[in-house]
Amino acid sequence: MSGRNPGTELGMYYLGAQSWAYIILAVEVELDLGWISRVRVNHPAVLRRAEQIQTRRTVKKDWQAAWLLKAVTCIDLTTLSGDDTPSNIHRLCFKAKHPIRDDLLQSIKMEDFGVHTGAVCVYSARVQDTVKALKDAGCDIPVASVATGFPAGQTPLKTRLEEVRTAVDDGASEIDIVINRTLVLTGRWKELYEEIRLFREACGEAHMKTILGTGELGSLTNVYKASLVAMMAGSDFIKTSTGKESVNATYPVALVMVRAIRDYYWKTGIKVGFKPAGGIRSAKEALVWLSLIKEELGDEWLMPELFRIGASTLLSDIERQIYHHVTGRYAAHHDLPMA
């Protein structure tokens with residue numbers, strides 16, 4: 001390999017992210033309906049910027065390997081299937097701890113950096129299996145659980161709150177809640193704020209990622225407003241999608257959400273994380289998402305504490321690209337272990 005060692009580049013990023021304890025939980029602030037009422041989104045400008053982001057020249061060679069390993073550390077490795085069993089949860093957790101083959105990491109001198117995924121994300125019924133599997137593997141990767149009537153968020157509030165409490169009691173340290181999209185579509189911002197605030201209380205010390213379901217919110221203006229309300233109510237992250245909608249993470253939606261995060265930080269001093277999810281499958285896409293975050297929010301957001309990618313198949317393509325970087329050829333199907 002020529003040029004700088006990707007181990008050096010990624011090491012500078014990763015050493016600052018080895019502690020998985022957050023500095024502080026996001027705190028709720030008073031609902032500012034005046035701010036929300038003043039929101040206007042310039043739709044054509046957002047589309048132009050989204051197109052510009054996608055046409056950026058991607059990094060190559062050693063730099064690409066470094067950025068792809070950075071992406072691995074931000075993945076919430078996810079299984080949300082009806083046929084999830086303790087055995088495939090165990091396999092997923094092993095892959096979360098060993099996302100890239102050891103010999104490949106040795107080739108790029110990254111074997112000592114403890115590269116692993118940002119979290120393992122499962123249904124609440126599988127939290128105990130996940131906690132046990134990670135404990136057996138001897139690692140402290142966070143367990144994230146979807147909750148609150150995922151994916152539609154249409155079950156009674158009492159049931160949704162109990163689901164959050166159960167997941168936390170079972171050992172989940174992160175909760176991915178879904179909002180009731182009806183409240184956004186009908187402009188009931190105070191009710192939305194109160195619901196999310198109750199979920200925040202139910203999470204206790206667990207970190208809360210609020211899924212907006214942006215493909216069902218009707219407009220980019222609603223996306224911005226819902227982002228603000230979620231942050232005001234105490235969300236640690238705002239997340240694009242459940243992965244179950246017909247439209248999931250898109251770049252225009254992401255731009256609106258990350259600029260809401262930036263505006264909220266400028267006004268309150270509170271940093272809120274961002275998580276795109278749904279339909280992100282290729283290493284090339286992962287690089288675009290990293291570039292978007294770097295340009296819009298800065299390097300300090302390029303850590304698993306403030307940026308995650310929700311994905312179930314992305315890791316496979318990243319490992320395939322790392323394999324190509326090391327060997328000069330693409331791996332056969334049997335060369336890489338499945339997640």
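For the range 52-61, a residue qualifies if it is in contact (Cβ under 8 Å) with a residue 12 or more places away in the chain and open to solvent by 10 Å² or more (accessible area, probe 1.4 Å), and the qualifying residues are 54, 56, 58, 59, 61. Could you please let me know if residue 114 is buried (at least 17 other Cβ atoms within 10 Å of the Cβ) and not in a helix (DSSP H, G or I)? Spelling it out, it is not the case that residue 114 is buried (at least 17 other Cβ atoms within 10 Å of the Cβ) and not in a helix (DSSP H, G or I). With respect to the conditions (1) open to solvent by less than 70 Å² (accessible area, probe 1.4 Å); (2) at positive phi, residue 109 lacks only one, and its number is (1). Entry remark, the range 307-339: residues being out of contact with any Asp or Glu (no Cβ under 7 Å at 6 or more places or on another chain) and in a loop (DSSP other than H, G, I, E, B) number 10 in total. When the criteria are applied in full, residue 293 meets the requirement of being open to solvent by less than 10 Å² (accessible area, probe 1.4 Å), over 21 Å from residue 122 (Cα atoms), modelled with pLDDT of 95 or more and among the aliphatic types (A, V, I, L, M). When the criteria are applied in full, residue 249 meets the requirement of being crowded, with 23+ Cβ neighbours inside 10 Å and under 28 Å from residue 75 (Cβ atoms). Residue 234 satisfies every condition listed in (1) in a loop (DSSP other than H, G, I, E, B); (2) over 30 Å from residue 55 (Cβ atoms); (3) touching an Asp or Glu at 6+ places or on another chain (Cβ under 9 Å); (4) open to solvent by 40 Å² or more (accessible area, probe 1.4 Å) except (4).
Residues checked against (1) over 18 Å from the mean Cα position of the chain (by Cα); (2) modelled with pLDDT of 95 or more; (3) among the charged types (D, E, K, R):
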position	(1), (2), (3)
245	no, no, yes
254	no, yes, no
257	no, yes, no
277	no, yes, no
297	no, yes, no
305	no, yes, yes
312	no, no, no
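If you check 284, 244, 225 for being of a type in the set (Lys, Arg), under 22 Å from residue 177 (Cβ atoms) and not in a loop (DSSP other than H, G, I, E, B), only one passes: 225. Within the range 166-193, the set of residues being in a helix (DSSP H, G or I) and surrounded by fewer than 16 Cβ atoms within 10 Å (Cβ to Cβ) comprises 169, 182, 185, 190, 191. Being at positive phi and part of a loop (DSSP other than H, G, I, E, B) holds for only one residue in 153, 82, and it is 153. Of the residues examined, residue 220 is not one that is open to solvent by 10 Å² or more (accessible area, probe 1.4 Å), out of contact with any Lys or Arg (no Cβ under 6 Å at 6 or more places or on another chain) and over 23 Å from residue 307 (Cα atoms). Checking each residue in the range 62-87 for being over 21 Å from residue 134 (Cβ atoms), open to solvent by 30 Å² or more (accessible area, probe 1.4 Å) and either touching a helix residue (DSSP H, G or I) at 6+ places or on another chain (Cβ under 8 Å) or of a type in the set (Lys, Arg) (or both) picks out 63, 64, 67. Can you find even one residue in the range 260-275 that is at pLDDT 95 or above, under 29 Å from residue 87 (Cβ atoms) and in contact with a strand residue (DSSP E or B) (Cβ under 8 Å, 6 or more places away or on another chain)? Yes, the range 260-275 has at least one match. Restricting attention to the range 194-217, the residues being over 12 Å from residue 234 (Cβ atoms) and open to solvent by 50 Å² or more (accessible area, probe 1.4 Å) number 2. Within the bounds of the range 258-272, is there any residue that is in contact with a Lys or Arg (Cβ under 8 Å, 6 or more places away or on another chain), outside any helix (DSSP H, G or I) and within 21 Å of residue 120 (Cα to Cα)? Looking through the range 258-272, none of the residues is in contact with a Lys or Arg (Cβ under 8 Å, 6 or more places away or on another chain), outside any helix (DSSP H, G or I) and within 21 Å of residue 120 (Cα to Cα). In the range 137-149, the count of residues that are touching an Asp or Glu at 6+ places or on another chain (Cβ under 9 Å), small (Gly, Ala, Ser), in a loop (DSSP other than H, G, I, E, B) and surrounded by fewer than 22 Cβ atoms within 10 Å (Cβ to Cβ) is one or more.
The values are calculated or read from the model by the stated rules, or taken from the named source; none is laboratory data. In this text the structure is predicted, and so the values were computed from the model without any measurement. We place every Cβ from the backbone using ideal geometry, glycine too, and count neighbours over all the protein chains shown. These accessible areas exclude ligands, DNA and RNA; they are computed on the full protein's heavy atoms, side chains included. Shrake-Rupley method; radii C 1.70, N 1.55, O 1.52, S 1.80 Å.
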